[in-house]
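Here's the structure we're looking at; comments come further down.
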Amino acid sequence: MKASNHIMNNLKRYGSWALVTGANSGIGLEFVRQLASHGMNLVLVARRGDVLAALAQELTREFTVEAKTISRDLLEEDAVEKLFQALSGIEIGLVVMSAGMEATGHFTKLSVGRHIQLARLNIDVPMRMARLFGEAMVTRRRGALIFVSSLFGYQGVPIAANYAASKAYILSLGEALNVELKPYGVDVLVLAPGLTDTPMPAQMPINMKKMPVTTSTPKAVVRVALRSLGKKATVIPGFINKFYAWENRLIPRSWPVKLFGFLINNAFDKTRRDEFLHTKHFFGK
Ligand SMILES: NC(=O)c1ccc[n+]([C@@H]2O[C@H](COP(=O)([O-])OP(=O)(O)OC[C@H]3O[C@@H](n4cnc5c(N)ncnc54)[C@H](OP(=O)(O)O)[C@@H]3O)[C@@H](O)[C@H]2O)c1
């Protein structure tokens, strides 16, 4: 069977509607496009409503699917609960939690507010979504959740400490739920991409060309995720990324942390050091 037919048949098992957060950009946008190409109807969630509306029009024009938009800041009080209530009339079979933010710089230089926002968007929001939509899926005995973690979730990462910690939380939550929800017909996948060509890394104060990593396209990352859904608990697209994640298990935990710290320091944008770091060199010299 062709890979695309296999994905389409797999997705049909969950139902006809998918919800994607972070739907209007980067990895979330690519999930939207690929899911629509497999015939899934879509609920698109992000803040910028005009971008969502244009996307919904594009989807209904290009594919024979329905698309609903919900323009919402997921950081608002009870945003997830309100989203769940607003969708009570639709059976959401697949939830992709891609909305996220980064916070790069010395932990003690970035504002407490930014750290709190990051923890809420990257940890609290997907946890609440999995709790609410997951329960409905368990009751129906079918459904799927896709968490978007990161290669950074596999070890502590200096200068991106809170971000990496949030992604470690997602990795652990998703791995556990994969086993816990499987008997109830709910598939859970943690997607852990390495560097991917989206607006997020482009705005970070790091020259990614100086990092010894390869850049994936959102298309390749999402294709790997949809192929792995229902088969694996976690997936890391790209051979070098897999290597970075798995060598960690064979060496002392502190080594990859120091390695990432060294690599990020080396690649930090020199013109933006004052803004994000306490000293010229993050090791304090
Ligand atoms: N790109 C990478 O290299 C990479 C690597 C590993 C993991 N990831 C993870 O992949 C996920 C997607 O990242 P990306 O690279 O695709 O980033 P992106 O292009 O910046 O997309 C982020 C998305 O989240 C939405 N969003 C941001 N804040 C929001 C809020 N408060 N409420 C609702 N929606 C919000 C944005 O839309 P609005 O601005 O319209 O709200 C946008 O659709 C993130 O969880 C990220 O941590 C990315």
Practice problem: Please work out which residue is surrounded by the most Cβ atoms within 10 Å (Cβ to Cβ), limiting yourself to region 85-100 and to residues that are in contact (Cβ under 8 Å) with a residue 24 or more places away in the chain and within 15 Å of the ligand (Cβ to nearest atom). | Solution: Val96
Practice problem: Please specify each residue of region 12-52 satisfying the condition of being under 15 Å from Gly230 (Cα atoms), surrounded by fewer than 23 Cβ atoms within 10 Å (Cβ to Cβ) and modelled with pLDDT of 95 or more. | Solution: Arg13, Gly15
Quiz prompt | Filtered residues of region 224-258 (kept if touching a strand residue (DSSP E or B) at 6+ places or on another chain (Cβ under 7 Å) and of a type in the set (Ser, Thr, Tyr)) | solution = Ser228, Thr234
Practice problem: Just need a number here: residues in region 12-28 that are touching a residue at least 40 places away in the same chain (Cβ under 8 Å) and touching a helix residue (DSSP H, G or I) at 6+ places or on another chain (Cβ under 7 Å). | Solution: 8
Quiz item: In the set Ile170, Ile146, Ile236, which member is of a type in the set (Val, Ile, Thr), within 16 Å of Met101 (Cβ to Cβ) and under 17 Å from the mean Cα position of the chain (by Cα)?
Solution: Ile170
Quiz item: Could you list, in sequence order, the residues of region 67-84 that are surrounded by 13 or more Cβ atoms within 10 Å (Cβ to Cβ) and either closer than 23 Å to Ala54 by Cβ or within 10 Å of the ligand (Cβ to nearest atom) (or both)?
Solution: Ala67, Lys68, Thr69, Ile70, Ser71, Arg72, Leu74, Leu75, Ala79, Leu83
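To keep it simple, each residue is scored yes or no on (1) of a type in the set (Asp, Glu); (2) crowded, with 17+ Cβ neighbours inside 10 Å; (3) within 24 Å of Ser172 (Cβ to Cβ).
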site: Tyr244; (1), (2), (3): no, yes, yes
site: Trp255; (1), (2), (3): no, no, yes
site: Ile264; (1), (2), (3): no, yes, yes
site: Glu275; (1), (2), (3): yes, no, no
Quiz item: Does Leu118 fit the bill of being within 12 Å of the ligand (Cβ to nearest atom), of a type outside the set (Gly, Ala, Ser), buried (at least 18 other Cβ atoms within 10 Å of the Cβ) and more than 27 Å from Tyr14 (Cβ to Cβ)?
Solution: yes
Quiz item: Inside region 146-239, counting only helices (runs of 4 or more DSSP H) that do not spill past its ends, which hold 1 or more residues that are in contact (Cβ under 8 Å) with a residue 60 or more places away in the chain, more than 8 Å from the ligand (Cβ to nearest atom) and crowded, with 17+ Cβ neighbours inside 10 Å?
Solution: 161-181, 218-228
Self-check item: Those helices (runs of 4 or more DSSP H) lying entirely in region 1-119 with at least 2 residues over 22 Å from the mean Cα position of the chain (by Cα)
Solution: 3-12, 49-62, 79-86
Exercise. Show the residue pairs that are 6+ apart or on different chains and have beta-carbon atoms under 6 Å apart, the first residue being within region 105-127 and farther than 17 Å from Asp73 by Cβ, the second being at pLDDT 95 or above and surrounded by 14 or more Cβ atoms within 10 Å (Cβ to Cβ).
Key: Phe107/Ala161; Leu110/Ala103; His115/Asn162
Exercise. Any chance you could count how many residues in region 27-42 are in contact with a strand residue (DSSP E or B) (Cβ under 9 Å, 6 or more places away or on another chain), closer than 17 Å to Met97 by Cβ and away from the ligand (no atom under 13 Å from the Cβ)?
Key: 3
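The values are calculated or read from the model by the stated rules, or taken from the named source; none is laboratory data. Quick caveat, the model's predicted, so the values are computed rather than measured. Backbone-built Cβ (ideal geometry, glycine too); neighbour counts: all protein chains shown.
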